[in-house]
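Comments concern the structure below.
The values are calculated or read from the model by the stated rules, or taken from the named source; none is laboratory data. Just so it is clear, the structure is predicted and the values come from calculations on it, not from any experiment. No Cβ is skipped: glycine too gets one built from the backbone with ideal geometry, and neighbour counts run over all protein chains shown. Quick note on the areas: whole protein, heavy atoms, side chains included, nothing else; ligands and nucleic acids left out. Shrake-Rupley method; radii C 1.70, N 1.55, O 1.52, S 1.80 Å.
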Amino acid sequence: MTEALTLGNQTIHGRTRTVMEAASDLDITLIASASLLQGQVARGLPSFVADALGLNNDAERSLQFARSSPGITTALVGMSRVEPVKANSRLVNIPPATVEEFSKLFSGRDGT
């Protein structure tokens, strides 16, 4: 869900800001909750997401998106079985996406 990053629906000091911009302006730390949307975004993502973020599967890409979003300090995800915990823990050894990689998700597929 990209609205917190893209939808200007907050007014701070007379300026329209996104939730993430407003939080930054107010020195509020953001935590992403339900980063996989109860598994809804763990499969079937468009191919341009894989092109921008790489990784092995849509679950990893979804978590990478959440943890790489500017201003997010923590991306929470619930897991009820050992297998997803092991699989999702692989991201601990991978740095968040760079600004360039992340920006490809919001621009032309070639990053422009």
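To put it simply, the accessible area of the chain at a 1.4 Å probe is 53 percent carbon and sulfur.
Projecting the Cα positions of 87, 57, 102 onto the charge dipole of the chain (unit charges on Cβ atoms of Lys, Arg, Asp and Glu, taken about the Cα centre) puts 87 furthest along the positive direction. Toward the positive end of the charge dipole of the range 1-90, with +1 on the Cβ of Lys and Arg and -1 on the Cβ of Asp and Glu, the farthest Cα among 42, 23, 74 is that of 42. Local charge for residue 32 was computed over the other residues whose Cβ lies under 13 Å away, with Lys and Arg +1 and Asp and Glu -1, and equals 0. Each residue was assigned an accessible area with a 1.4 Å probe, and for residue 16 the value is about 100 Å².
In plain terms, the chain from residue 107 to residue 57 could stretch by 15.8 nm, reckoned as 0.36 nm per residue minus the Cα-Cα distance. Per-residue surface analysis assigns residue 24 an accessible area of about 80 Å², computed on protein heavy atoms at 1.4 Å probe radius.
Let me spell out the model: positive unit charges on the Cβ of Lys and Arg, negative unit charges on the Cβ of Asp and Glu, origin at the Cα centre of the chain. What dipole size does that give, in debye rounded to 20?
260
Computed per residue of the chain from DSSP H runs no shorter than four, each worth -39500 (n - 2.57), the mean residue ellipticity at 222 nm is -9500 deg cm²/dmol.
Sequence-distant contacts, meaning Cα pairs under 8 Å at least 6 residues apart, place the relative contact order of the chain at 22 percent.
Counted by Cβ distance under 12 Å from residue 92, the other residues give a net charge of +2, where Lys and Arg count +1 and Asp and Glu count -1. Solvent exposure of the chain amounts to 64 Å² per residue of accessible area, where only protein heavy atoms count and the probe is 1.4 Å.
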